[in-house]
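Trainee: Before anything else, here's the structure in question.
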Amino acid sequence: MIIQKLLLQVRIVNAIARRELQMRAAKGPMGVLGVFVEPLLFIAIFMSFRLFGSQASLQPDYINPVLWMAIGFVGFFMFSEVALKALGGVKKSTKLTYYSRIRPIDYLLGSAILDTQVFSLLLLAFIFSSFVYEWKPIVEEPGLAVFYFIMLSLLAFGVGLVTLIIGHRLPFVASIARTAVRRLLLFTSCIFFSISTIPNIFRGWILWNPLAHGIELLRHSFNSDYPIPGVSAVYLIGSTLFLLGLGFFIYGNNETLLLADEE
């Protein structure tokens, strides 16, 4: 019975993910591919800085510099899409919740799965391009790379669940959080600098951010010689589990309130 319910839930979430994909595709090519524009633009800008400016902050000796930059920005924008979309996720899922088996969290799960798949394809495109350019294996530990990428998605989903109620109850706080979190994380997540290049006096503050751990661990899976002082897989996993647990707890105690507001 439990297995049957679990399988049913999986089918519901997958159906919602397909529906979300169809809705984006109905908007034209940019409906699906539009999420690529911002990370590609940032990658192009910062690679231009590297080509025409200082190269001291990057790590070209360990990983292809374009791929190094892509790992950071793809990971960050996937995190942002999955986490911050939850702030408006309940409103978007209103029509779906007319069906008794579909709850707001089903929409959030389906949307998160779709965003994870879309950004994984973008990262795979960079990996394939690097392989064609260098004609040698690019990912040293592919299993760990997949694991850390999934952990980044789960971390984002945990953050999304925690912010769900706040965004639903206090829209002005959600607006402030959307701007503040993206700007803060953009400059504190080791996206365009390596943790090893940060002075010790500042490194401890950066390492409070689990997203920085996830991105640097993902890079480390591409080359085990890539230096990641102070970065911890245990901290990343622990933070993810804590935020997921807290998020499910908050959601479980407020789902009836969300549904009541939608009716």
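The values are calculated or read from the model by the stated rules, or taken from the named source; none is laboratory data. Values in this document were obtained by computation on a predicted structure and should not be read as measured data. Here the Cβ is made from the backbone with ideal geometry for all residues, glycine too, and neighbour counts use every protein chain on show. Please note that ligands, DNA and RNA were not included when accessible areas were found on the heavy atoms of the full protein model with its side chains. Shrake-Rupley method; radii C 1.70, N 1.55, O 1.52, S 1.80 Å.
Trainee: Taking the residues in the stretch 188-212 that are within 16 Å of residue 71 (Cα to Cα) and hydrophobic (A, V, I, L, M, F, W, C) as candidates, determine which candidate is surrounded by the most Cβ atoms within 10 Å (Cβ to Cβ).
Mentor: Within the stretch 188-212, the match that is surrounded by the most Cβ atoms within 10 Å (Cβ to Cβ) is 190.
Trainee: Which ones in the stretch 137-174 are modelled with pLDDT under 75 and open to solvent by 30 Å² or more (accessible area, probe 1.4 Å)?
Mentor: Within the stretch 137-174, 137, 166, 168, 169, 170, 171, 172, 173 qualify.
Trainee: Looking at the stretch 110-132, is at least one residue open to solvent by 30 Å² or more (accessible area, probe 1.4 Å), touching a Phe, Trp or Tyr at 6+ places or on another chain (Cβ under 7 Å) and modelled with pLDDT of 70 or more?
Mentor: yes
Trainee: Here's something else I'd like to know. Please work out if residue 105 is assigned to a helix (DSSP H, G or I) and at pLDDT below 90.
Mentor: Numbers: assigned to a helix (DSSP H, G or I): yes; at pLDDT below 90: yes.
Judged against the criteria, residue 105 is a match.
Trainee: Looking at this structure, is residue 222 at pLDDT below 90, closer than 14 Å to residue 75 by Cβ and either touching a helix residue (DSSP H, G or I) at 6+ places or on another chain (Cβ under 9 Å) or surrounded by 15 or more Cβ atoms within 10 Å (Cβ to Cβ) (or both)?
Mentor: Details: at pLDDT below 90: no; closer than 14 Å to residue 75 by Cβ: yes; either touching a helix residue (DSSP H, G or I) at 6+ places or on another chain (Cβ under 9 Å) or surrounded by 15 or more Cβ atoms within 10 Å (Cβ to Cβ) (or both): yes.
Considered against the rule, which asks whether it is at pLDDT below 90, closer than 14 Å to residue 75 by Cβ and either touching a helix residue (DSSP H, G or I) at 6+ places or on another chain (Cβ under 9 Å) or surrounded by 15 or more Cβ atoms within 10 Å (Cβ to Cβ) (or both), residue 222 comes out as no.
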